[in-house]
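Heads up: the structure comes next, in structure tokens.
Every number in this text was worked out from the coordinates using simple rules, so none of it is lab data. Please read all numbers here as calculations on a predicted model, not as lab measurements. Because the Cβ atoms are built from the backbone with ideal geometry, glycine has one as well, and the counts that use them run over all protein chains shown.
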Amino acid sequence: MEKFLAPWRPQLLSIFRIVAGLLLTAHGTVKILGYPAHAMNNAVLASPTGVSGIIELIFGPLLVIGLFTRLSAFMLSGLSAAAYFYVYAAKSFHPIVNGGEAAAFYAFAFLYLAAAGGGPWSVDAAIRKNP
């Protein structure tokens, strides 16, 4: 398995970044743009849900294209950790019990991307190649 997947490691990092960014951007579109229809539609912008939606709509697309990847991922990691402790941990610390397993996973996934960068299929990589 190692020999099969190892050559694809850089590209898989880029795919992971793109998918994570798209999924998080969807959270922002639900909260701020009201699409698709969901209980979190049309959040008040000055509320914690509204602020998180704005952050998701700014940094999620940046992550998708791989621009300012490390900064975007670091901000989103902090947002996800704050969401876990602010929203979910009050119910129970255990992620399965409190429903916060996605927030906990996002926090560590984005922390990894902040350390690893965006991979070869990113605007950041293109900028580094063409100064």
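Quick notes on this structure:
- Where TRP121 falls short, out of the listed (1) more than 17 Å from GLY21 (Cβ to Cβ); (2) outside any helix (DSSP H, G or I): (1)
- Matching residues, region 34-87, being of a type in the set (Ser, Thr, Tyr) and farther than 19 Å from TYR112 by Cβ: TYR35, SER47, THR49, SER52, TYR86
- When residues of region 53-103 are limited to those that are polar (S, T, N, Q) and outside any loop (DSSP other than H, G, I, E, B), the one nearest to LEU13 (Cα to Cα): THR69
- Residue list for region 13-52, restricted to those being of a type outside the set (Gly, Ala, Ser), more than 17 Å from VAL87 (Cα to Cα), touching a Ser or Thr at 6+ places or on another chain (Cβ under 8 Å) and assigned to a helix (DSSP H, G or I): ARG17
- Sole residue being free of Cβ contacts under 8 Å to residues at least 12 places away in the same chain and either in contact with a Cys (Cβ under 7 Å, 6 or more places away or on another chain) or aliphatic (A, V, I, L, M) (or both), chosen from ALA81, ALA102, ALA116: ALA102
- Against the numbered list (1) touching a Ser or Thr at 6+ places or on another chain (Cβ under 6 Å); (2) part of a loop (DSSP other than H, G, I, E, B), TYR106 comes up short only at (2).
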